[in-house]
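The values are calculated or read from the model by the stated rules, or taken from the named source; none is laboratory data. Model, not experiment: these values are computed from the prediction. Note that we place each Cβ from the backbone using ideal geometry, even for glycine, and neighbour counts take in every protein chain shown.
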Amino acid sequence: MNAPDHQTVLINLDDRSYPIAIGAALFDDPLTYAELPGASSALIVTNSTVAPLYAQRLQAALQGKYPNLHTLTLPDGEAFKTWQTLNLIFDALLQHGCDRKTVLFALGGGVVGDMTGFAAASYMRGVPFVQVPTTLLAQVDSSVGGKTGINHPLGKNMIGAFYQPLMVVCDLATLQTLPQRELSAGLAEVIKYGPIADLSFLAWIEDHIDALMARDAKALAHAVKRSCEIKASVVAQDEREAGLRAILNFGHTFGHAIEAGLGYGQWLHGEAVGCGMVMAAHLSQRLGLVDAAFVQRLTVLIQKAGLPVTGPRLSEADNAGRYLELMRVDKKAEGGAIRFVVIDGAARAAVRSAPDALVREVIDLCCT
Ligand code: NAD
Ligand code: GLY
């Protein structure tokens with residue numbers, strides 16, 4: 001049974017269903033992991049920033065369950081979400097003689113989680129893994145739903161696999177050590193769920209944005225839980241993004257272009273998504289789907305969350321052309337046509353293409 005301040009959201013995926021545990025003081029409690037299958041080996045994958053904060057505590061919690069327990073510390077940053085870094089995980093697994101029952105634990109933000117998940121999907125054709133997300137972005141989005149992978153120099157998250165974890169452990173206490181910029185980046189993905197799925201949640205975020213920015217524990221707990229519920233519902237309906245799941249990419253088409261165009265790591269993923277949502281909202285308005293007041297409402301909220309609402313210039317010669325070029329390398333693109341997630345102000349998001357001329361107008365309007 002849950003402790004009073006602990007909650008569980010279930011992801012329903014038949015035999016791959018799993019719980020998302022949400023609460024404080026969870027990740028270093030051995031009881032959190034009691035239901036996981038036993039195994040001789042486990043590998044905690046983390047990074048050089050998170051390791052000194054949390055790795056020893058996770059090790060202590062897991063020691064009794066996994067006799068052959070090791071920790072691998074990767075370099076920190078989006079720029080390291082690469083084949084080379086992924087290989088370090090395979091090197092460690094092989095060097096420690098890890099077998100196919102080995103459990104991987106991803107301790108960190110979305111970069112560690114995406115890479116560890118992909119390593120778990122491919123090591124010996126698949127070993128179990130657990131997500132222990134320590135950023136707001138990872139708790140509300142990346143650790144949930146089974147998208148794993150790495151970047152390619154020509155496109156973000158272009159190499160990867162759908163592979164679900166055994167469980168997700170969202171320890172809200174870990175959010176207290178996050179830099180403010182990272183907290184804001186996570187809020188971008190929280191805000192995203194409002195315009196695509198739940199207008200009452202959007203209103204709740206507007207009412208609680210100051211509390212969220214101040215890391216009020218109750219406000220964060222609700223934001224994580226409601227975000228996970230919405231994501232769980234979408235993923236349960238469309239695990240492999242045959243259609244509906246693409247709405248979770250609201251703001252991401254423009255955002256990924258910003259990330260790739262500036263070089264990964266210049267803008268945080270959440271910052272690019274925040275600005276990308278403003279651009280996608282303007283595109284929705286130009287397509288006649290949403291009114292100017294809703295675009296303004298969203299822009300104000302994104303700004304209050306400490307996120308950029310003006311896009312960077314990616315080319316002096318032809319800025320809009322460079323955005324378009326980058327956006328064609330997107331998993332939603334079909335036959336070279338870019339497809340955007342658009343909103344209608346009534347929380348019914350859709351995916352559609354748009355004339356280049358219209359997209360150019362939006363980019364010109366939104367970039368400095
Ligand atoms: P991140 O993993 O780079 O973490 C952000 C920074 O915070 C890093 O420097 C990290 O070391 C540090 N950090 C992590 N936890 C901390 C803590 N508790 N205290 C102090 N510092 C801490 O970035 P992110 O925003 O968590 O994730 C972004 C990544 O997630 C991107 O690569 C993005 O593509 C991916 N993503 C994936 C999905 C998915 O569905 N798989 C969804 C959204 C985003
Ligand atoms: N973050 C988008 C998705 O999980 O589909």
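Of all residues in segment 110-132, those satisfying the criterion of being in contact with a strand residue (DSSP E or B) (Cβ under 7 Å, 6 or more places away or on another chain), touching a residue at least 40 places away in the same chain (Cβ under 8 Å) and not hydroxyl-bearing (Ser, Thr, Tyr) are Val112, Asp114, Met115, Gly117, Phe118, Ala119, Ala120, Ala121, Pro128, Val130, Val132.
On inspection, Ile159 does not qualify as among the aliphatic types (A, V, I, L, M), crowded, with 16+ Cβ neighbours inside 10 Å and farther than 14 Å from Asn47 by Cα.
When the strands (runs of 3 or more DSSP E) confined to segment 18-74 are screened for residues that are more than 20 Å from the chain's Cα centre (by Cα), those reaching at least 1 such residues are found at 41-47, 68-74.
Do the conditions hold for Lys218, that is, is it touching a helix residue (DSSP H, G or I) at 6+ places or on another chain (Cβ under 9 Å), over 20 Å from Ile150 (Cβ atoms) and surrounded by fewer than 20 Cβ atoms within 10 Å (Cβ to Cβ)? When the stated conditions are applied, Lys218 passes them. Among residues of segment 333-357 being under 19 Å from Arg322 (Cβ atoms), surrounded by 14 or more Cβ atoms within 10 Å (Cβ to Cβ) and of a type in the set (A, V, I, L, M), the one that is farthest from the chain's Cα centre (by Cα) is Ala354.
The listed residues are Leu183, Leu172, Leu187, Leu154, and the only one of them that is closer than 25 Å to Ala257 by Cβ, buried (at least 20 other Cβ atoms within 10 Å of the Cβ) and away from ligand 2 (no atom under 16 Å from the Cβ) turns out to be Leu183. Being among the hydrophobic types (A, V, I, L, M, F, W, C), within 11 Å of ligand 1 (Cβ to nearest atom) and either part of a helix (DSSP H, G or I) or in contact with a Ser or Thr (Cβ under 8 Å, 6 or more places away or on another chain) (or both) holds for only one residue in Leu220, Leu175, and it is Leu175. Within segment 48-63, not a single residue is in contact with a helix residue (DSSP H, G or I) (Cβ under 6 Å, 6 or more places away or on another chain) and among the charged types (D, E, K, R). Just one of the listed residues (Val144, Val130, Val103) is surrounded by 20 or more Cβ atoms within 10 Å (Cβ to Cβ), under 19 Å from Glu189 (Cα atoms), in contact with a Pro (Cβ under 9 Å, 6 or more places away or on another chain) and among the hydrophobic types (A, V, I, L, M, F, W, C), and it is Val144.
If you go through segment 200-220 one residue at a time, do you hit one that is of a type in the set (Ser, Thr, Tyr) and away from ligand 2 (no atom under 16 Å from the Cβ)? Yes.
The set of residues from segment 245-301 being under 18 Å from Gly155 (Cα atoms) and not in a helix (DSSP H, G or I) comprises Phe250, Gly251, Gly263, Tyr264, Gly265, Gln266, Trp267, Leu268.
Every listed requirement among (1) within 27 Å of Gly243 (Cβ to Cβ); (2) part of a helix (DSSP H, G or I); (3) in contact with a strand residue (DSSP E or B) (Cβ under 9 Å, 6 or more places away or on another chain) is met by Leu358 save one, (3).
Any residue that is at pLDDT below 95 and surrounded by 15 or more Cβ atoms within 10 Å (Cβ to Cβ) - is there at least one of those in segment 271-293? No; the residues of segment 271-293 include none that is at pLDDT below 95 and surrounded by 15 or more Cβ atoms within 10 Å (Cβ to Cβ).
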